[in-house]
Amino acid sequence: MAVFKRARSIVATIIVGGMLGFLVPTFVSGLQDPQLPPDATTGETITARRFMVALLSNDQNTLRQVSVQPTDAIEAARLGVTDASVTSLTFLGSSDDGGVHFNQYAVEFTNPGGQKILRGFRVATVGQFAILADPPEPIAQ
């Protein structure tokens, strides 16, 4: 009788392990949205571009859709209150680190005096979500 109890617990452990072995990878792959792959020619993700445009234009609705960090909304508001205007947004490159895609950008601002200010941004994306990985230095007003 003890042999059957032991065998039953072994079989149950194998079944639970098999289920977890299936469910965990399935859940993780669901976080990586196959509809938003990196651009084949540049490596830039659509989510990162949407995030950067929303951040620079202080588009709070889009930021809530794509960002998982409330501090990113604060950063957008902080950028929005400066007198500097965005001159250009340039994608510099990307890298992939175990499902997390990093996109690097250079943003050129022009202050009211005509001085050009260059800031670097690094955006990490997983599926449809993005965060500001390395916040830039504040723009002097």
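The values are calculated or read from the model by the stated rules, or taken from the named source; none is laboratory data. Every value quoted in this text rests on a predicted model; they were computed, and no experiment measured them. So basically every Cβ, Gly included, is an ideal-geometry build from the backbone, and we count neighbours across all protein chains shown.
Right, Gly93: of a type in the set (Gly, Ala, Ser) and either modelled with pLDDT under 75 or not in a strand (DSSP E or B) (or both) or not?
On the way: of a type in the set (Gly, Ala, Ser): yes; either modelled with pLDDT under 75 or not in a strand (DSSP E or B) (or both): no.
In short, no.
Would segment 131-139 turn up any residue that is within 19 Å of Arg64 (Cβ to Cβ), modelled with pLDDT of 80 or more and assigned to a strand (DSSP E or B)?
Yes, that holds for at least one residue.
Restricting attention to segment 65-90, which residues are modelled with pLDDT of 80 or more and within 14 Å of Ile131 (Cβ to Cβ)?
Step one: list which residues in segment 65-90 are modelled with pLDDT of 80 or more, which gives 65-66, 85-90.
Scanning segment 65-90 gives Gln65, Val66.
Can you pull out the residues in segment 97-138 that are buried (at least 18 other Cβ atoms within 10 Å of the Cβ), of a type in the set (Ser, Thr, Tyr) and within 18 Å of Thr87 (Cβ to Cβ)?
Result: Tyr105, single match.
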